[in-house]
Amino acid sequence: MKAERLKVAVHGLVQGVGFRPFVYRLATEMCLNGWVVNSTQGVFLEVEGMRDRLQSFLLCLEKEKPPRAVIQSLEFSFLDIAGYDRFEIRYSDPSGRKTALILPDIAVCADCLGEIFDPENRRYRYPFTNCTNCGPRFTIIEALPYDRSHTSMKRFAMCPSCDREYHDPSNRRFHAQPNACPRCGPRLELWNSKGTTLGREEEALQCAIEIVRDGQILALKGVGGFQLMVDARQPNAVQRLRDRKRREEKPFALMYPSFDLVQQDCKVSDLEARLLLAPEAPIVLLRRKSSKSLLAPAVAPGSPNLGVMLPYSPLHHLLMSDFGTPVIATSGNLSDEPICIDEHEAVNRLNGIADYFLVHNRPIVRHVDDSVTSVVCGHQMVLRRARGYAPLPIHMKESLPCVLALGAHLKNSVALSVGQDIFLSQHIGDLGTSEAFSAFRRTAADLPRLYEAKPSIIACDMHPDYLSTKQAARIAAPLHQVQHHFAHVLAGLAENELEGAVLGVSWDGTGYGTDGAVWGGEFLLTDEQSFQRVAHFRQFPLPGGDAAAKEPRRTALGVLHEIWGERGLSDRRLAPIASFSEGELVVIRQMLSKRVRSPLTSSVGRLFDAVSSILGLRQRVSFEGQAAMELEFAIQQEVDEPYPFELTGDVPCIVDWAPMIGEILIDLRNGQSSGSISAKFHNALTEIVLAIARRIGEPRILLTGGCFQNRYLVERTVRRSLAAGFQPYWHQRVPPNDGGIALGQVVAAARSSLAIAEDEKKRKTENEHVSGHSGKTY
């Protein structure tokens with residue numbers, strides 16, 4: 001038996017996870033010579049030896065890969081030997097098409113954490129400790145392949161000790177690109193509000209801890225940007241942060257020093273615990289315990305949930321270990337702006353919010369917020385996809401044209417298809433401010449630059465007034481506009497790897513319809529290329545247009561007027577009507593009767609608002625979805641009865657909610673509790689989904705859109721659908737809200753392009769066939 005050469009190409013998440021040192025150790029242990037190299041496409045390697053040993057090597061390559069590695073494809077071939085005399089790790093190859101996957105930022109590993117708290121270790125209390133298994137990735141990379149020279153760490157020359165680790169294949173810091181220590185790496189400083197240095201390194205850290213203990217606001221430069229921190233137990237400090245940040249009521253995220261302390265305040269399931277302790281280290285929405293908490297009431301006013309995370313960077317661990325109790329750790333920005341990533345920018349933009357700044361000199365290449373997750377139906381549901389998840393792709397079964405999708409206006413993210421991967425950017429946010437729009441444009445340029453991709457199609461929403469749509473029109477490439485709710489459904493299809501027909505139930509606050517109306521309560525019979533609007537909720541007017549999104553009471557009046565006309569606005573005992581003065585009611589009555597500035601909508605999100613207002617829960621909102629959240633929080637769990645509704649017409653079928661509203665008013669007059677009414681309203685929504693599914697006859701149901709962030713609604717609909725013989729699907733890795741829209745836009749544009757190309761190919765073949773048979777016959 002002669003020796004052979006095994007040539008392997010590994011594609012997937014194989015850079016920045018210790019894959020090359022793993023290959024080196026495996027090859028040397030098996031006495032195989034050859035080489036391994038990072039490339040812009042993945043990891044390439046060759047080894048030489050006898051066929052049986054090479055086959056064993058292949059099996060071990062997949063079975064024993066590093067824990068963070070994800071192999072999407074492994075191609076290999078057996079060739080004649082080249083005569084290698086050793087195994088080596090070669091320098092990275094920067095040439096060729098860039099398709100390698102970039103790892104998200106990873107929480108500090110147990111080994112590094114042990115070193116940080118070991119007084120005998122040279123990295124004792126060093127806040128930038130990392131290794132191949134952990135640390136910053138996406139926030140420091142500037143170009144592919146992932147090498148130190150292509151990261152923001154290139155400015156830090158490694159000391160001899162770090163350099164030895166970096167070049168030692170047996171060390172876990174072998175080719176750990178952010179590798180550093182107190183002698184050669186980034187350093188901490190504490191600044192006052194004017195940017196003057198008050199302390200460095202350990203002194204800076206200790207002073208920062210005392211600042212938070214003193215009830216003041218600290219701006220901390222973290223992994224993907226700045227966080228604002230205050231002691232979560234001090235009501236005055238929390239309220240001061242709310243006032244300065246202009247964040248009236250939206251819950252703040254909390255960082256706890258330890259998992260044990262989280263359990264004192266929250267109910268934590270096994271899956272929720274796994275999420276909290278995972279390398280992604282997201283914010284997890286947890287149910288509060290009924291026992292009395294020391295947290296300030298203003299942390300999450302009126303909410304039965306807390307958004308909780310554990311320390312994920314060495315700096316967070318040091319700070320929280322010494323502080324010992326939970327702190328608010330919220331995005332370092334004003335409301336609706338992107339987080340700051342540069343310390344000088346932060347001093348300018350956070351002036352008047354933060355009292356002090358704990359900064360460091362490791363540049364952040366791109367802003368990345370903390371991710372937000374929840375557990376729904378026993379699975380993770382990502383609500384904000386950022387640190388720990390972005391920019392991991394959704395992998396498709398076939399190669400797609402290069403499409404850049406610019407997403408929606410709210411909860412914006414962008415997406416890019418490269419080969420079989422669709423890369424979804426980090427959460428950008430709402431595009432209503434100049435700072436957010438600038439961040440959006442930077443991110444839209446960043447993804448194609450990182451992958452050196454030239455988009456052949458630009459995809460965007462159909463709404464003509466979205467800033468993302470306007471930006472799309474400025475880019476020199478063919479434009480493909482995608483209906484908002486169709487994009488929601490396609491995102492769900494791609495995430496769940498579904499092909500063929502599905503009944504997409506796409507419910508949210510607003511989306512531009514193909515008829516120019518405001519959609520939001522849609523049932524779309526969908527495949528990968530087209531959709532049919534088979535049903536939707538009965539339309540009702542929104543007096544004041546966009547103003548109704550911020551005042552549920554306006555939406556309530558629109559619903560009441562749609563059913564009963566002028567008579568529906570006469571009962572001053574109803575909470576939404578009572579909240580207006582007589583003069584205001586006169587104006588709104590005129591708007592509704594004359595249909596002036598009162599666009600029609602089929603939105604389920606706005607219907608949530610109307611019911612919340614009618615129950616007296618919320619007349620005005622200070623953040624998106626607040627009224628719907630409070631309606632969900634009010635649910636009386638043991639109530640199983642639904643409200644009635646009617647289905648009228650054929651296709652599209654109209655879901656008439658008027659019987660539901662009528663019964664709600666009767667229950668209110670009879671003194672029924674808000675909890676009971678809310679439960680019956682939610683239960684009715686589930687029954688509507690089943691009724692439409694039965695009428696259409698499609699067994700597969702996909703739940704998507706912002707309304708399906710509602711845990712009760714998703715879980716009840718999934719449970720009832722399964723019991724009725726349907727197969728439900730919902731979002732897990734990609735947000736159901738507008739944060740997933742860009743993914744659906746890519747799929748729509750790519751499928752359309754592929755279909756056009758296929759049609760052209762068929763026509764060409766037919767023409768050639770006709771041409772080949774023209775002329776005389778014999």
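The values are calculated or read from the model by the stated rules, or taken from the named source; none is laboratory data. For clarity, every value in this text was computed on a predicted model and none was experimentally measured. A quick note on method: Cβ atoms are made from the backbone with ideal geometry, for glycine too, and the neighbour counts reach across all protein chains shown. Heavy atoms of the whole protein, side chains included, go into the accessibility calculation; ligands, DNA and RNA do not. Shrake-Rupley method; radii C 1.70, N 1.55, O 1.52, S 1.80 Å.
Largest accessible area first, the residues Cys207, Cys181 order themselves as Cys207, Cys181 under a 1.4 Å probe with ligands, DNA and RNA left out.
Under the classification rounded if a/c is under 1.5, otherwise prolate if a/b is larger than b/c and oblate if not, where does region 220-299 fall, given a ≥ b ≥ c as square roots of the Cα gyration tensor eigenvalues? Oblate, because a/c is 1.5 or more while a/b does not exceed b/c. One equal scatterer on each Cα of region 244-285, no solvent, Debye formula: the resulting log10 I(q)/I(0) at q = 0.29, 0.30 Å⁻¹ is -1.11, -1.16. Once each part is reduced to its C-alpha centroid, what is the distance from region 376-395 to region 15-71 in angstrom? Here the answer is 29 Å between Cα centres.
Across the alpha-carbon set of region 1-104, the Rg to Rh ratio works out to 0.95, Rh being the Kirkwood radius.
Which net charge results when you count Lys and Arg as +1 and Asp and Glu as -1 among the other residues whose beta-carbon is under 11 Å from that of Ile741?
Around Ile741, the charge tally is -2.
The phi torsions of region 367-375, fed into the Karplus equation with coefficients 6.51, -1.76 and 1.60 and a -60° offset, translate into couplings of 6, 9, 6, 6, 6, 10, 9, 9, 10 Hz, rounded to whole numbers, with Gly and Pro shown as x. The H on the amide N of Ala459, modeled in the peptide plane, is under 5 Å from the matching H of Leu404, Ala405, Leu406, His480, each at least 5 residues off or on a different chain. Calculate what fraction, in whole %, of the accessible area of region 450-552 sits on carbon and sulfur atoms when a 1.4 Å probe is rolled over the protein chains. Accessible surface attributable to carbon and sulfur in region 450-552 totals 48 percent. Computed over region 406-457, the convex hull of the alpha-carbon atoms projects to a mean area of 3.5 nm².
Relative to the Cα centre, the charge distribution of region 272-390, modelled as +1 at Lys and Arg Cβ and -1 at Asp and Glu Cβ, gives a dipole magnitude of about 560 debye.
Count Lys and Arg as plus one, Asp and Glu as minus one, and take only other residues whose Cβ is under 13 Å from that of Gly388; the net charge is then +2. Solvent exposure of the chain amounts to 39 Å² per residue of accessible area, where only protein heavy atoms count and the probe is 1.4 Å.
Rounded to the nearest 10 degrees, the inclination of helix 674-696 to the longest alpha-carbon principal axis of the chain is 80 degrees.
By definition, a body whose alpha carbon gyration tensor gives a ≥ b ≥ c is oblate when a/c is 1.5 or more and a/b is not larger than b/c, and the chain fits this oblate description. Rounded to the nearest Hz, the phi-derived 3J(HN,Hα) couplings of region 719-731 under the Karplus curve 6.51 cos²θ - 1.76 cosθ + 1.60 (θ = phi - 60°) are 5, 5, 5, 4, 5, 8, x, 9, 10, x, 10, 8, 7, where x marks glycine and proline. Largest first and in whole Å, the equivalent-ellipsoid semi-axes of region 349-431 read 29, 18, 13, each the square root of five times a Cα gyration tensor eigenvalue.
Derived scalar couplings between HN and Hα for region 327-344 equal 10, 6, 10, 10, 4, x, 6, 7, 3, 6, 10, x, 6, 6, 10, 10, 5, 6 Hz in order, rounded to whole Hz, by the Karplus curve 6.51 cos²θ - 1.76 cosθ + 1.60 (θ = phi - 60°), x for Gly and Pro. Equivalent ellipsoid of region 342-384: semi-axes from √(5λ) of the C-alpha gyration tensor, largest first, are 32, 13, 8 Å. Average 1/r across all pairs of distinct alpha carbons in region 72-133, invert it, and you get the Kirkwood radius: 16.5 Å.
Under the criterion of Cα pairs below 8 Å and six or more residues apart, the relative contact order for region 35-181 equals 23 percent.
Classify region 161-289 as rounded, prolate or oblate from the Cα gyration tensor: take a ≥ b ≥ c as the square roots of its eigenvalues, call it rounded if a/c is under 1.5, otherwise prolate when a/b beats b/c and oblate if not. Oblate shape, in that a/c is at least 1.5 and b/c is the bigger or equal ratio. Helix 658-669 and the longest principal axis of the C-alpha atoms of the chain enclose an angle of approximately 70°.
Note on region 218-361: with neighbouring protein chains present and a 1.4 Å probe, carbon and sulfur make up 46 percent of its accessible heavy-atom surface. Counting only protein heavy atoms and using a 1.4 Å probe, the accessible area of Cys266 comes to about 0 Å². Working note: Cα atoms of region 627-778, range along each principal axis, descending, whole Å: 91, 34, 26. Loop-located GluC sites (Glu not before Pro) in region 457-538 (DSSP state not H, G, I, E or B) with no more than 12 neighbouring Cβ atoms inside 10 Å: Glu497, Glu499.
Considering region 686-770, its Cα convex hull presents a mean projected area of 7.9 nm². Averaging the sequence gap over all C-alpha pairs within less than 8 Å and six or more residues apart, then dividing by the number of residues, gives region 330-483 a relative contact order of 19 percent.
For the Cα atoms of the chain, what angle does the longest principal axis make with the long axis of helix 582-594, in degrees from 0 to 90, nearest 10? That helix lies at roughly 80 degrees to the long axis.
When the alpha carbon coordinates of region 573-615 are projected onto the principal axes, the ranges are 28, 25, 10 Å, largest first.
Note on region 218-261: Rg/Rh from Cα positions, Kirkwood definition for Rh, rounded to two decimals, is 0.98. When the inverse distances between all different Cα atoms of region 449-560 are averaged and flipped, the Kirkwood radius reads 15.9 angstrom. Mean separation of Cα pairs under 8 Å and 6 or more residues apart, divided by the residue count, gives the chain a relative contact order of 11 percent.
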